[in-house]
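Data block below; observations after.
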Amino acid sequence: MLENLTDRLSRVVKTMRGQARLTEANTAEMLREIRLALLEADVALPVVKSLLEQIKFKALGEEVIGSLSPGQALVGVVQRELAQVMAGDSNQSGELNLATQPPAVILMAGLQGAGKTTSVGKLAKWLQEKKKKKVLTVSCDVYRPAAIEQLETVTKQVGAEFFSSNVNQKPNDIATAALDWARRHYFDVVIVDTAGRLGIDEALMQEIKTLHANLNPIETLFVVDAMLGQDAVNTAKAFHEALPLTGVILTKLDGDSRGGAALSVRQVTGVPLKFIGVAEKMEGLEAFDAERMANRILG
Ligand code: GDP
């Protein structure tokens, strides 16, 4: 578990070799290095601070004292703590809640470019293949005709059904019509794609709130780009305040980001991380794994 640590943390472990126990002094030095390692992984500063408090508390407890290699033991404490924060109390990784009178509505939220439309396609594929569900997709992005076309393309690619919409319609009317269609044609799930802007936009937030109230989705998924790094926190906060989010999909983890956004978003919203995006293609969806993510953040 400890073989892929960053140089920084490997140094910490080495420095601690031969020291019989953790003292306030050597722990403080190590915690400084761990702080830097977390910041380098793009974990947001307030999140780093609160984590370090918890880690310090645990490190100075029994878990480390008496260990032959205090450095390694401390890094172990850090890894466990990160994994625990990201896993949360209820482990909903790789699952969607569909326990409702069909059609179950899934509402996608997030900034433009986060990977919403791509994730709709991936989820539709997953729902069909793994859960044997009949899936309808619909786009309420009336600002970008290309977004509607893109959803149609990915939907057809995975063999799900696409509900047509156009830029002259109102998002709420589209959603209502799609839901009605889904009911009458016995769809199990409707995935509703929404518009996003490059930054937080009041008008769009209001629009998605109205959509949420109208659709009463069982899942409201916040899609966020792992490459956003520190900025992921502010975006997550804004969406979390506007909507009762039920899950997070962290995309573009095939890039070289260390994944600190996973930790920040989970800590700030308390919403479970459900899936990760690991490729542009429709197969590129995986269940979120807290332990692997903790290793990635530290390593
Ligand atoms: P939207 O504006 O939120 O709907 O975002 P899109 O679904 O259009 O995605 C924006 C870009 O990111 C597209 O070029 C996607 O192919 C790409 N993308 C989405 N998810 C992933 C992912 O997990 N990995 C990679 N490498 N690219 C992704």
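Entry for the chain at q = 0.09, 0.10, 0.13, 0.17 Å⁻¹: log10 I(q)/I(0) = -0.48, -0.57, -0.85, -1.26, Debye formula applied to identical alpha-carbon scatterers, no solvent contribution. The order of Thr155, Thr23, going from fewest to most other C-beta atoms within 10 Å of their C-beta, is Thr23, Thr155. Measuring nothing but how far apart in sequence close Cα pairs (under 8 Å, 6+ apart) lie, relative to its length, the chain scores a relative contact order of 25 percent. For a straight C-alpha distance cut-off of 23 angstrom, the lysines reachable from Lys237 (same-chain residues fewer than eight places away being disregarded) are Lys49, Lys116, Lys209, Lys252, Lys274.
Counting only Cβ charges, +1 for Lys and Arg and -1 for Asp and Glu, the dipole size of the range 113-168 around its Cα centre is about 400 debye. By the count of other C-beta atoms within 10 Å, a proxy for reagent exposure, Lys209, Lys58 are ordered fewest to most as Lys209, Lys58.
Across the options Gly76, Ser257, Val271, the greatest Cα extent toward the positive end of the charge dipole of the chain (unit charges at beta carbon of Lys, Arg, Asp, Glu) belongs to Gly76. Quick one: helix 45-59 against the long Cα principal axis of the chain, what's the angle to the nearest 10°, folded into 0 to 90? It is inclined by approximately 50 degrees.
Note the full-extension length gain between Arg144 and Met227 as 0.36 nm times their separation in residues minus their Cα-Cα distance, in nm to one decimal. Once the chain is fully extended between Arg144 and Met227, it gains 27.5 nm. For the range 140-156, backbone phi angles converted through the Karplus equation (6.51, -1.76, 1.60; θ = phi - 60°) give residue-by-residue couplings of 9, 8, 8, 9, 10, x, 4, 5, 5, 4, 4, 5, 4, 4, 5, 5, 5 Hz, Gly and Pro being listed as x. Under 16 Å of direct C-alpha separation, and excluding same-chain neighbours fewer than eight residues apart, Lys134 reaches these lysines: Lys122, Lys125, Lys156. Residue ranges 189-200, 109-120 sort as 109-120, 189-200 when ordered by packing (mean number of other C-beta atoms within 10 Å per residue, highest first). For the range 62-192, averaging the sequence separation of C-alpha pairs within contact (under 8 Å, six or more residues apart) and dividing by the residue count gives a relative contact order of 29 percent.
A short reminder: the numbers here are calculations on the coordinates, not readings from a lab. Remember, predicted model here, so these are calculated numbers, not experimental data. When we count neighbours, we look across all protein chains shown, and the Cβ atoms used for this are built from the backbone with ideal geometry, even at glycine.
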